[in-house]
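Read the structure below first, then the notes.
The values are calculated or read from the model by the stated rules, or taken from the named source; none is laboratory data. Being a predicted model, the structure only gives us computed values, none of them experimental. Because the Cβ atoms are built from the backbone with ideal geometry, glycine has one as well, and the counts that use them run over all protein chains shown. Calculation scope for accessible area: heavy atoms of the full protein, side chains included, ligands and nucleic acids excluded. Shrake-Rupley method; radii C 1.70, N 1.55, O 1.52, S 1.80 Å.
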Amino acid sequence: MSNVTHLHCLVCGRDYAPGEIEYVCPEHGNEGIVDVRYDYERIGRQISPQILRENGDMTIWRYRPLLPIAPGAPVPPLSVGWTPLYPAPRLGQPLGLRHLWVKDDGRQPTASFKDRASAIAVVMAQEKGAAVITTASTGNAAAALSGLCASVGQRNVIFVPESAPQAKIAQLLVFGSTVMLVQGSYDDAFELCLQAAAEYGWYNRNTAYNPYMSEGKKTASYEICEQLGWDAPDAIFISVGDGCIIGGVHKGLKDLLALGWIDRMPRLYGVQAAGSDYMVQAWESGEDVLTKAPIQASTVADSISAGLPRDRLKAMAAVRETGGSYVRVTDAEILDAILPLARATGVFAEPAGAAAYAGLVAAVRLGLVRADERIVVLNTGSGLKDIASAMRAVESSGTRPNRVRPDMDDLRRVMSSLNEEATTR
Ligand SMILES: *Cc1c(COP(=O)(O)O)cnc(C)c1O
Ligand SMILES: [Zn+2]
């Protein structure tokens, strides 16, 4: 038995016993997003900062009493979680920020934040004895599910838009998933996957449909706070597509407050691309996200391209209840963020990861953060996921490699021209 007490519907407020419903609240179709609730008193007797200090398991499973899985459930062997939180003084300095960190989830086993959620999906599907797990994805959730399934020999079927970056599709094929390249958008892939799961009886990992995905994603908050000695930061910057990550990060922080392990709630900033800004629009207009119509999404940051953010209820609550804000950045600002982030920290982010930093730059410009605040930027995916975008960023910055014949004379020619450039600049 896990420490889950019930599932709470965020639309109608009904509570369900764990196991009474599998995914959404049946009262309102696929929009019946539910929140997984826990017995914190019981959790507090099983785990504490002191116990964690002595726990050598540096993966998400160190927080097992806070996860929706049985105490003895077998977990996949891939090492998920406990990604580095790097102090980033040279990134903060030009922005006038004195206390900035970058949490690098590009360092997950399949190179994105999504491993946190897919790990939970695999454990839960195996608890149920599911023959097949399925998901729709812009690419990273798919790659994460694919890799985690490979690690335990679990069959899986993946739906991705055919426009997904090559590296992400390569991961799926290498790991041996059954891959459906959908001739349409992520939103089309999502709908098709929901129908397929219902027809074939597959275990469904889909973001915001499966309520347990937030429970994997929330582990990032535990790690950030533990890595900061349980002194919560003032603000966290997170890129938003479906909104499951920001909702999960919020959930993790709420857990820690309920346990009394942190004493304040950080402000959460959701960053969206201008071409996929459903949440920013709703934030600005005050529209109800339950009834706001989908938009046409298009952005270079494929991982945050979502016309109808599936986890929009939790995503809006995350920003509203913490006193944060939604922030819009252009594709140019996203691409322009890749190099400064990489050069000041050594962290190479895919566009959706760099978007979080671009959002911080915008927030500084808008006066949303102060110089002395403690700020965390979450990089959600590795730059190696999308080399084409990285090379666009490099080219537009004017960075060029030097061509040299394999002899010292030619190298000297190149070096002296570089020195001239440097002195004439
Ligand atoms: C999925 C993803 C996001 C956005 O997460 P949502 O839960 O869809 O908001 C951001 N960055 C990367 C790299 C992702 O893979
Ligand atoms: Zn309901």
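Quick look at the numbers
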quantity: Enumerated helices (runs of 4 or more DSSP H) restricted to region 312-425, each holding at least 3 residues that are polar (S, T, N, Q); calculated: 387-397, 408-424
quantity: Every residue from region 17-54 that is in a loop (DSSP other than H, G, I, E, B), away from ligand 1 (no atom under 16 Å from the Cβ) and within 18 Å of residue 208 (Cβ to Cβ); calculated: 22, 23, 24, 25, 32
quantity: Subset of region 155-175 [closer than 19 Å to residue 202 by Cβ and either open to solvent by less than 60 Å² (accessible area, probe 1.4 Å) or assigned to a helix (DSSP H, G or I) (or both)]; calculated: 156, 157, 158, 159, 160, 172, 175
quantity: Selected residue [within 16 Å of ligand 2 (Cβ to nearest atom), touching a residue at least 60 places away in the same chain (Cβ under 8 Å), hydrophobic (A, V, I, L, M, F, W, C) and surrounded by fewer than 24 Cβ atoms within 10 Å (Cβ to Cβ)] from 317, 297; calculated: 317
quantity: Among (1) buried (at least 20 other Cβ atoms within 10 Å of the Cβ); (2) at pLDDT 95 or above - the single one residue 33 does not satisfy; calculated: (2)
quantity: Positions within region 187-223 being out of contact with any Phe, Trp or Tyr (no Cβ under 7 Å at 6 or more places or on another chain), under 20 Å from residue 105 (Cβ atoms) and aromatic (Phe, Trp, Tyr), in sequence order; calculated: 212
quantity: Total residues in region 337-396, condition surrounded by fewer than 22 Cβ atoms within 10 Å (Cβ to Cβ) and within 15 Å of residue 103 (Cα to Cα); calculated: 5
quantity: In region 182-236, the residues that are farther than 15 Å from residue 145 by Cβ and among the basic types (Lys, Arg); calculated: 218
quantity: Number of the condition not met by residue 269 [criteria: (1) more than 16 Å from the chain's Cα centre (by Cα); (2) surrounded by 24 or more Cβ atoms within 10 Å (Cβ to Cβ)]; calculated: (1)
quantity: One residue from 91, 67 being away from ligand 1 (no atom under 16 Å from the Cβ) and in the same structural domain as residue 262 (by TED's automatic domain parsing); calculated: 91
quantity: Only one of 92, 72, 81 that is farther than 28 Å from residue 239 by Cβ and either away from ligand 2 (no atom under 16 Å from the Cβ) or in a loop (DSSP other than H, G, I, E, B) (or both); calculated: 72
quantity: Filter result (modelled with pLDDT under 95 and either in a strand (DSSP E or B) or of a type in the set (Gly, Ala, Ser) (or both)) within region 199-210; calculated: 207, 208
quantity: Options 27, 22: the member that is within 16 Å of ligand 2 (Cβ to nearest atom) and in contact with a Lys or Arg (Cβ under 8 Å, 6 or more places away or on another chain); calculated: 27
